[in-house]
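Below is one structure, written out as structure tokens; the observations come after it.
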Amino acid sequence: MAEQRFTTRSEDETEQFGSRMAELLHPGSVIVLEGDLGAGKTVVARGIVRGLGSNKESVTSPTFTLMNPYPDGRLPVWHWDLYRLGDPEELDLIGAEEYLGVDGVTLIEWKERGGDRVPTGHLIVQIDYDDEDPEIRLISLSATDHEHGKIVDELDGYQ
Ligand code: ADP
Ligand code: MG
């Protein structure tokens, strides 16, 4: 399946990358954000939220709230950070299935903590540090199903 690679040289560039991607998203899109702490997952999420037209002032990591909602853009965005989840079953207790992969755009950081509650069809944004320059990020896009693969293909030619 399709894979694309991009390089960004600043936080702003990474945010713009997210905003550009947002134009290609539709109801049911699920974006999994991968990368070490501080890689830039939340920066990409902010770009997507802004790109979809939310006017909420700040887009920060929902580390303690698990999910931050941005319902006021072209599509609603549900931004999850599962870092503090003890067990995938906790997602059932808070009624997460109502938001995971349905309707709007789902963004997920630390997907592995969510186990099989995370929708299997998704687009993966892998963000890696550069060995030499602390401002450079290497972003790889891939998809686990055809639907999300089309979005990866459409980003071809960007940059
Ligand atoms: P994560 O959500 O992956 O833990 P954040 O998005 O919260 O990480 O933070 C990324 C950090 O890296 C920010 O402090 C940002 O200023 C910094 N940074 C430096 N260069 C870049 C870049 N090219 N893209 C994104 N963030 C960058
Ligand atoms: Mg984060």
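The values are calculated or read from the model by the stated rules, or taken from the named source; none is laboratory data. Only a predicted model underlies this, so the values are computations on that prediction, with no experimental measurement involved. Virtual Cβ from ideal backbone geometry, glycine too; neighbours counted across all protein chains shown.
Among the residues of region 16-59, the ones that are crowded, with 16+ Cβ neighbours inside 10 Å, in a loop (DSSP other than H, G, I, E, B) and near ligand 1 (Cβ under 8 Å from one of its atoms) come to 3 in all.
How many of the residues in region 82-118 are over 13 Å from the mean Cα position of the chain (by Cα) and either away from ligand 1 (no atom under 16 Å from the Cβ) or surrounded by 13 or more Cβ atoms within 10 Å (Cβ to Cβ) (or both)? So the answer is 24. Can you say whether E132 is in a helix (DSSP H, G or I) and without any contact (Cβ under 8 Å) to a residue 24 or more places away in the chain, as far as the supplied structure shows? No: the conditions fail for E132. If the condition is being within 15 Å of ligand 1 (Cβ to nearest atom) and over 13 Å from the mean Cα position of the chain (by Cα), then region 64-81 contributes F64, T65, L66.
Here L107 fulfils each of the conditions (1) modelled with pLDDT of 95 or more; (2) of a type outside the set (V, I, T); (3) assigned to a loop (DSSP other than H, G, I, E, B) apart from (3). Of all residues in region 122-159, those that are more than 16 Å from ligand 1 (Cβ to nearest atom) and either crowded, with 16+ Cβ neighbours inside 10 Å or closer than 18 Å to S19 by Cα (or both) total 15.
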